[in-house]
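S.K.: Here it is: the structure, laid out below.
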Amino acid sequence: MPEPTPATPNGTRPRILHLITDPRRRGAQNLARDLHRELRGRGRASALRALAPHPDAHPDAPDTRATVVLGPGRLHPATLLALRSAARTADLVVAHGSSTLPACALALAGTRTPFVYVSIGDPRHWTASPLRRLRTGALLHRAAAVTALADEARAVLQERFRLPAAKLRTIPNARAADRYPPAADEADRRAARQALGLPADGLLVAWLGAIAPEKRLDLALDALDRLPDVRLAVAGDGPQRAALEHHPAAARAHFLGTLGDPAPLYRAADAVLLTSESEGVPGVLIEAALAGLPAVATDVGWVGAVVRDGATGALVAPGDPLALAEALAKVLAGDRAALGAAAREHALARFELGVVADAWMELFTELWRPRAGGPR
């Protein structure tokens, strides 16, 4: 059953509609869900909708079951009509990445409901062609505001799409700390491993994400091949899974599929590995840091905002499995507890949901204030 939109307390506005592409547990969707829960926890009027279903959405995950889907396809006419109808009960729509941008630009045209677009990736990667850059820029100019996850990302958006500085905001990615508690002790770590069907002993590295070309799980397996005493737990699914399950190092890799809740894997692991060739500020790294895990990650996008090289883990150049293996070996052999504690402290200060939600509240109030009191 769809969750009811709470009555706006004391007439306080604005009422927020969060829009995601589909019900999967991925970066943009996770941020939208966490922000939606935080706003409702503060007594604010917030609703969440997905444009379309997706075959990879975990059917048993509570998040999937609770997500209301608007239509059969992301830009299907029925979906856009449903979005336009849902937006009538909102004062602001927050479009969380990918196809939500064209969907809002089309469905909300001619209405008085503005939308905010949340840019989560590296625009230099997803608008590489001139045509795509031109089309995306035209859509971004339709938004009332565009948020970036880091100041560097905001500068790229402004330069690449000639967006007015007043339209752009930097609001970091965020996760709720209480959803990713560190392992309490070794018994807790062993229990988490047992629940996931993982070996109780030995070094274990977690890799989480879509098993798709841009995430480069092949690099993680190539690095694993150079570390005979390490095992890899892979959480996710995607088009490359079947092929990579036959990788030479796959005998020491555990393919867990898509997890409804990744928190137990963080408690089970000794470190987290990210091998992507393109990222924004990955939520996976924030989750792992909150869980007290050191990270080894490719230095792409704005990954360095989360992973501080030498202090909370290690950064390496993309596309180099030898460098990944060397960095991972160094982190695993070092003081993992100290690295993990520093990672958690850094994440709590910059990426904890409560702190970041305050910045969102300020933006919502600012965008609503000029329209307050006007006819709806």
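S.K.: Only residues that are assigned to a helix (DSSP H, G or I) and open to solvent by 60 Å² or more (accessible area, probe 1.4 Å): list them for region 94-137, please.
M.R.: Those that are assigned to a helix (DSSP H, G or I) and open to solvent by 60 Å² or more (accessible area, probe 1.4 Å): LEU106, ARG124, HIS125, TRP126, PRO130, LEU131, ARG132, ARG133, LEU134, ARG135.
S.K.: Before we move on, is ARG142 more than 20 Å from the chain's Cα centre (by Cα), open to solvent by 60 Å² or more (accessible area, probe 1.4 Å), at negative phi and at pLDDT below 95?
M.R.: no
S.K.: If the Cβ limit is 6 Å and pairs must be 6+ apart or interchain, which residue in region 85-96 that is among the basic types (Lys, Arg) pairs with which residue that is in a strand (DSSP E or B) and open to solvent by less than 10 Å² (accessible area, probe 1.4 Å)?
M.R.: none
S.K.: In region 18-51, which residues are under 12 Å from VAL68 (Cα atoms), in contact with a strand residue (DSSP E or B) (Cβ under 6 Å, 6 or more places away or on another chain) and aliphatic (A, V, I, L, M)?
M.R.: LEU19, ILE20, ALA47, LEU48, ALA50
S.K.: Okay, moving on. Taking region 45-66, which residues are open to solvent by 30 Å² or more (accessible area, probe 1.4 Å) and either touching a residue at least 40 places away in the same chain (Cβ under 8 Å) or outside any loop (DSSP other than H, G, I, E, B) (or both)?
M.R.: Scanning region 45-66 gives ARG49, ASP56, HIS58, ASP60, PRO62, ARG65, ALA66.
S.K.: Let me ask you something else. Can you tell me how many residues in region 184-229 are under 22 Å from the mean Cα position of the chain (by Cα) and among the hydrophobic types (A, V, I, L, M, F, W, C)?
M.R.: So the answer is 10.
S.K.: Okay, moving on. For VAL69, work out the one condition from (1) in contact with a strand residue (DSSP E or B) (Cβ under 6 Å, 6 or more places away or on another chain); (2) free of Cβ contacts under 8 Å to residues at least 12 places away in the same chain it doesn't fulfil.
M.R.: Single failed check for VAL69: (2).
S.K.: Which numbered condition trips up ALA153, out of (1) aliphatic (A, V, I, L, M); (2) in contact (Cβ under 8 Å) with a residue 60 or more places away in the chain; (3) under 30 Å from ALA329 (Cβ atoms)?
M.R.: Every condition holds for ALA153 apart from (3).
S.K.: Evaluate the following for ARG169: is it in contact (Cβ under 8 Å) with a residue 24 or more places away in the chain and either out of contact with any strand residue (DSSP E or B) (no Cβ under 6 Å at 6 or more places or on another chain) or among the small types (Gly, Ala, Ser) (or both)?
M.R.: no
The values are calculated or read from the model by the stated rules, or taken from the named source; none is laboratory data. Note that the structure is a prediction, hence the values are computed from the model and not measured. In this analysis, Cβ positions are derived from the backbone assuming ideal geometry, glycine residues included, and neighbour counts consider all displayed protein chains. Note: accessible area is taken over every heavy atom of the protein model, side chains too, but ligands, DNA and RNA are not part of it. Shrake-Rupley method; radii C 1.70, N 1.55, O 1.52, S 1.80 Å.
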